[in-house]
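The values are calculated or read from the model by the stated rules, or taken from the named source; none is laboratory data. What you are looking at is a predicted structure, and each value in this text was computed from that prediction instead of being measured. Counting neighbours? That spans all protein chains shown, and the Cβs are built from the backbone with ideal geometry, glycine included. The protein model used for the area step is the full one, side chains on, heavy atoms only, and it has no ligands, DNA or RNA in it. Shrake-Rupley method; radii C 1.70, N 1.55, O 1.52, S 1.80 Å.
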Amino acid sequence: MPDEWYFNTAFYKINDTSSFIISHLCRSEIINMKPATKYIHAGASPDPSTGAIMTPIYQTSTYVQEAPAVNKGYEYARSQNPTRKALEDAYAIIENGKYALAFSSGVAATDAVIKLLQPGDEVICGNDMYGGTYRLFTKIFEKFGIKFIYVDTSHAENIKNAVTANTKLIWIETPTNPLMNITDIEAVAAISKPKKILLAVDNTFASPALQNPLDMGADIIMHSATKYLGGHSDVIQGALMINDKDLREKLYFIQKSCGAVPGPMDCFLVLRGIKTLGLRMKAHSENGAKIAHWLKAHPKVGKVYWPGFTDHPGYAIAKKQMKDFGGMISFELKNDSVEEAKRVLSSTHLFSLAESLGGVESLINHPATMTHASIPREERIKNGLTDSLIRLSVGIEDADDLIEDLKKAIG
Ligand SMILES: Cc1ncc(COP(=O)(O)O)c(C=O)c1O
């Protein structure tokens, strides 16, 4: 691929026979702008054929070629699609990266990263992570000879001690799902870089509005774009953001060879979602802070997991590497029984009982039986994920209404 394909959103327009070329912001201008501007304009440029301000949904499987191998940069939609291209440009820009790839789900994006490895390679990863990532590692990739070593990554020392000559990848989630543990990305990059070990960060919980791991030395960012990037609970999608061109080429090869690409309609929805990312994350964080403090003061509530508390073990690191603390909160009840947790989970009206997170509407979830059911109970309990733990994805409704709902449900 020529370089301009990555860096010029309008590559296909330059090669267009149409004379209708509209001037628009180019990547080099947008990358120097403030986040709020990036969210609105990243990847977006008027459609060359009509001037449509919104990126069209290019619902096509293939592209007509003038002669064999003479085309406009698009050959077949598993390999390239203009709507996906616009989104991938946006993804790169909002994470301060050079390149990005969009996948059909967050798990598909993680799958592509692990496919960079060979049998015998070792991955150091967190002992508290999204259950689906754990399932992918243990049930799919272990049988191909890839070894996963689970440590508490909130102490970088644990990672350092687990490194061997076979370590090829460090996979961290920060904040973690669901216990909101924090890992110091810069400290881990200081361990991975000299040894040429890839560092991948699942940045789903923070979103690019609150944390930018490439700036802190990560090699790959993974997002479940299903969550805050989409923001409206209407799409499943994943993303990888990268700075290194060779790494981008390897991941692109995996993407087109394995085929886990998102459809253009889904790309359009995420492009639209990103436009309000900054506003939404501000509202999620404000509501999250109010609800976390309210829960902490409630007589029936036990431990509350939220990195914005000054007594959270990762508070200092979260304050250093995050712009705010987001809208994800987990908590236990003083009556630590599954029955009581289930009663609360079934009693809310505004908080909907559902898997997923990051949408504008508030969700309540029971990790032990829902999002993290694929982790064996013994493993879960050992790592602090109790049977009665409740996870909230605080939406952007009025915080008073949300608190009223929780007040009635907790009793
Ligand atoms: C932190 C985290 N990473 C990855 C994923 C997987 O993403 P997807 O559901 O889009 O495949 C999820 C899904 O809940 C998640 O919460």
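Could you order Arg27, Arg272, Arg343, Arg84 so the one with the most accessible surface comes first? Probe is 1.4 Å.
So the residues, ranked largest to smallest area, are Arg272, Arg343, Arg27, Arg84.
Just to confirm the filter: which chymotrypsin sites (Phe, Trp or Tyr not before Pro) across the range 324-411 are DSSP coil and have at most 10 other Cβ within 10 angstrom of their Cβ?
none
Peptides 369-382, 88-101: what's the order by average Cβ count within 10 Å, highest mean first?
Highest mean packing first, the order is 88-101, 369-382.
At a probe size of 1.4 Å, how large is the accessible area of Leu350, to the nearest 10 Å²?
About 70 Å², ignoring ligands and nucleic acids.
Which FRET efficiency, nearest 0.05, do Lys143 and Glu379 yield, Cβ-Cβ r, R0 22 Å?
0.75
Can you give the helix-only mean residue ellipticity at 222 nm for the chain, where every DSSP H stretch with n ≥ 4 adds -39500 (n - 2.57) and the sum goes over all residues, rounded to the nearest 500 deg cm²/dmol?
-9500 deg cm²/dmol
If you take the beta carbon distance between Cys26 and Arg272 as r and set R0 to 22 Å, what does 1/(1 + (r/R0)^6) give as a FRET efficiency, to the nearest 0.05?
Taking R0 as 22 Å, the efficiency between Cys26 and Arg272 is 0.55.
Any aspartates and glutamates with Cα under 13 Å of the Lys342 Cα? List them, leaving off those in the same chain fewer than 8 positions away.
Glu332, Asp387
What FRET efficiency, computed as 1/(1 + (r/R0)^6) with R0 = 56 Å and r the Cβ-Cβ distance, is obtained for Val338 and Asn71, rounded to the nearest 0.05?
The value I calculate is 0.45.
With the contact rule set at Cα under 8 Å and sequence spacing of 6 or more, what percent relative contact order holds for the chain?
Relative CO of the chain lands at 16 percent.
With contacts defined as alpha carbon pairs under 8 Å and 6 or more residues apart, what's the relative contact order of the range 226-357 in percent?
Computed over the range 226-357, the figure is 23 percent.
Along the charge dipole of the range 127-277, which of Ile146, Gly131, Met180 sits closest to the positive end, that is, farthest toward it, with unit charges on the beta carbon of Lys, Arg, Asp and Glu (+1, +1, -1, -1)?
Ile146
In straight Cα distance, which lysines are under 19 Å from Lys85, not counting same-chain residues fewer than 8 positions off?
Lys13, Lys38, Lys72, Lys98, Lys245, Lys250, Lys256, Lys275
Which value, in Å² and to the nearest 10, is the accessible area of Asp405 when all protein chains are kept and the probe is 1.4 Å?
Using a 1.4 Å probe on the heavy atoms, I get roughly 10 Å².
Under a 10 Å cutoff between Cα atoms, tell me which one of Asp152, Asp128, Asp246 has the largest fluctuation in the Gaussian network model of the chain.
Asp246
Taking only complete DSSP H runs, can you tell me which helices of the chain stretch 27 Å or more along their own long axis by Cα positions and average at least 1.6 on the Kyte-Doolittle scale?
none
Ranked by accessible surface with a 1.4 Å probe, highest first, in what order do Val301, Val163 come?
Val163, Val301
With every protein chain present, what accessible area does Lys290 have (1.4 Å probe, heavy atoms only), rounded to the nearest 10 Å²?
It works out to around 110 Å².
Which order do His349, His155 take when ranked by solvent-accessible area (1.4 Å probe, heavy atoms of all protein chains), largest first?
In descending accessible area the options line up as His349, His155.
List the relative contact order of the range 288-411 as a percent without decimals, with contacts defined as Cα pairs under 8 Å and 6+ residues apart.
Relative contact order of the range 288-411: 27 percent.
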